[in-house]
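S.K.: Following this message is one structure expressed as structure tokens.
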Amino acid sequence: YYMRRALLTLTIAIGTTIYTKAQTSLQQSIRFVKDSVEIKESQIATLQMMAEYINQHPDEIIIIGGFTSKETPATRIGEVCEKRAEAVKKRLVEDYNIDPERLVSIGAGVSTRYEEATFNEVVTFFKK
């Protein structure tokens, strides 16, 4: 379920500044159960790997994009995506002492990358 290399255009609002740039995938994803925002124990190794990457690249800003499948009710898409991204950011900050100023979490929306809907229930990391 890892992406080989992808470019994603994201528009991110940070305070009053708007950034629109092509972002490069870091080829790592945290998978979630449908409609859940809880990080499963099976995903901790990936979270730790990302924390190590972030610590080894102190000048990079990391974008944490929360996605869901098209099976999520439309009224919950934004909430689920944002909460997933925030949950991952919170764990990186609290468990791995990552500076929160280096992390941007966004609810990125519905992913249709994979036919199997459960593979689209993810948080994906991008470098700015």
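The values are calculated or read from the model by the stated rules, or taken from the named source; none is laboratory data. Note that the coordinates shown come from a computational prediction; the quantities given were computed from them, not determined experimentally. All accessible areas refer to the heavy atoms of the entire protein, side chains included, with ligands and DNA or RNA removed. Shrake-Rupley method; radii C 1.70, N 1.55, O 1.52, S 1.80 Å.
S.K.: Hey, can you find the accessible area per residue of the range 36-128 for me, probe 1.4 Å, expressed in square angstrom? If you can, show how the numbers build up before the last one.
M.R.: On the way: 4830 Å² over 93 residues.
Using a 1.4 Å probe on heavy atoms only, each residue of the range 36-128 averages 52 Å².
S.K.: Kindly write out, for the range 30-45 in residue order, the coupling ³J(HN,Hα) from the Karplus curve 6.51 cos²θ - 1.76 cosθ + 1.60 (θ = phi - 60°), rounded to whole Hz, with x marking Gly and Pro.
M.R.: 9, 8, 10, 7, 3, 6, 9, 10, 7, 7, 6, 4, 5, 9, 5, 4
S.K.: Taking H as built 1.01 Å from N, whose amide H comes closer than 5 Å to the amide H of Val110, not counting residues under 5 places away?
M.R.: For Val110, the qualifying residues are Thr68.
S.K.: Given 0.36 nm per residue, what is the gain on full extension from Glu82 to Val33 after removing their alpha carbon distance, in nm? Don't skip to the end; give the middle numbers.
M.R.: Working: separation 49, 0.36 × 49 = 17.64 nm, distance 1.50 nm.
Answer, rounded to one decimal: 16.1 nm.
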